[in-house]
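Undergrad: Here it is: the structure, laid out below.
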Amino acid sequence: MVKSNSIGEAVITILLLLPVILPVLLIFGVYRLIRFSVLKRNKLYLANIEEMSPYEFENYIATLFQKMGYKTRTTKASRDFGVDVIARKEEDIVAVQVKKYKDCPVGNKEIQMLLGAMQMRKIRANRSIIITTSRFTKNALEQADGCPIDLWDGKKLNKVIEKYIS
């Protein structure tokens with residue numbers, strides 16, 4: 001059994017140490033919050049995107065392009081010929097195809113489809129971008145080489161998000 005004198009001494013010791021302990025606890029708590037938010041900022045983009053539906057992801061990309069200074073329009077879910085977002089800024093018209101894949105790389109067929117779709121009468125884009133959360137096959141990279149098409153994999157997408165959204 002603890003003597004009442006010992007409890008009183010413990011309380012007094014805690015009260016005396018409180019001015020020292022409290023700032024340390026506060027600083028540690030603030031440090032953890034800052035560290036967590038930095039980690040969250042650096043790793044959260046693709047993690048949150050993975051939770052989005054393909055439709056939400058298309059709208060997210062449209063919002064990203066708006067932050068980049070473009071006026072955007074998302075296309076209908078069907079019969080879009082591979083164009084999910086049309087982004088316009090002055091004379092720059094960009095046909096954007098969005099592929100929310102986890103482990104499946106984007107191949108050269110998607111490159112061919114978007115290159116054809118960007119010339120359609122309703123679009124008339126001067127360039128195009130395929131954005132994927134995954135990566136591109138070697139054939140896709142070769143197909144896009146020298147064409148008016150940019151390929152954004154998950155790493156590139158993360159960099160653009162960091163620049164314009166964070």
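The values are calculated or read from the model by the stated rules, or taken from the named source; none is laboratory data. Since the structure is predicted, the reported quantities are computational estimates derived from the model, not experimental observations. Virtual Cβ from ideal backbone geometry, glycine too; neighbours counted across all protein chains shown.
Undergrad: Can you tell me which residues in segment 117-130 are in contact (Cβ under 8 Å) with a residue 12 or more places away in the chain and either more than 16 Å from residue 150 (Cα to Cα) or in contact with a Gly (Cβ under 8 Å, 6 or more places away or on another chain) (or both)?
TA: Scanning segment 117-130 gives 117, 120, 123, 124.
Undergrad: Among the listed residues 110, 162, 142, which satisfies the condition of being out of contact with any Leu (no Cβ under 8 Å at 6 or more places or on another chain) and in contact (Cβ under 8 Å) with a residue 60 or more places away in the chain? Talk me through it step by step, then tell me what you get.
TA: Numbers: 110 fails: in contact (Cβ under 8 Å) with a residue 60 or more places away in the chain; 142 fails: in contact (Cβ under 8 Å) with a residue 60 or more places away in the chain.
None of the other options fit; the residue is 162.
Undergrad: Right, next: Test of understanding: among 159, 155, which residue is closer than 15 Å to residue 65 by Cα, in the same structural domain as residue 86 (by TED's automatic domain parsing) and either at pLDDT below 95 or surrounded by fewer than 18 Cβ atoms within 10 Å (Cβ to Cβ) (or both)?
TA: Numbers: 155 fails: closer than 15 Å to residue 65 by Cα.
The unique qualifying residue is 159.
Undergrad: Is segment 92-103 home to any residue that is touching a residue at least 40 places away in the same chain (Cβ under 8 Å), crowded, with 17+ Cβ neighbours inside 10 Å and out of contact with any Phe, Trp or Tyr (no Cβ under 7 Å at 6 or more places or on another chain)?
TA: First pass over segment 92-103, keeping only residues touching a residue at least 40 places away in the same chain (Cβ under 8 Å): 98, 100, 102.
Remaining after also requiring crowded, with 17+ Cβ neighbours inside 10 Å: 98, 100.
Within this subset, residues satisfying the condition of being out of contact with any Phe, Trp or Tyr (no Cβ under 7 Å at 6 or more places or on another chain) are none.
Checking segment 92-103: not a single residue is touching a residue at least 40 places away in the same chain (Cβ under 8 Å), crowded, with 17+ Cβ neighbours inside 10 Å and out of contact with any Phe, Trp or Tyr (no Cβ under 7 Å at 6 or more places or on another chain).
Undergrad: Quick one: is residue 117 more than 23 Å from residue 53 (Cβ to Cβ), surrounded by 13 or more Cβ atoms within 10 Å (Cβ to Cβ) and among the hydrophobic types (A, V, I, L, M, F, W, C)? Can you show your working first?
TA: On the way: more than 23 Å from residue 53 (Cβ to Cβ): no; surrounded by 13 or more Cβ atoms within 10 Å (Cβ to Cβ): yes; among the hydrophobic types (A, V, I, L, M, F, W, C): yes.
Criteria not met by residue 117.
Undergrad: Would you mind listing the helices (runs of 4 or more DSSP H) fully within segment 79-166 where at least 1 residues are of a type in the set (Val, Ile, Thr)?
TA: Values: elements: 108-117, 138-144, 154-164.
Fully inside segment 79-166 and qualifying: 108-117, 154-164.
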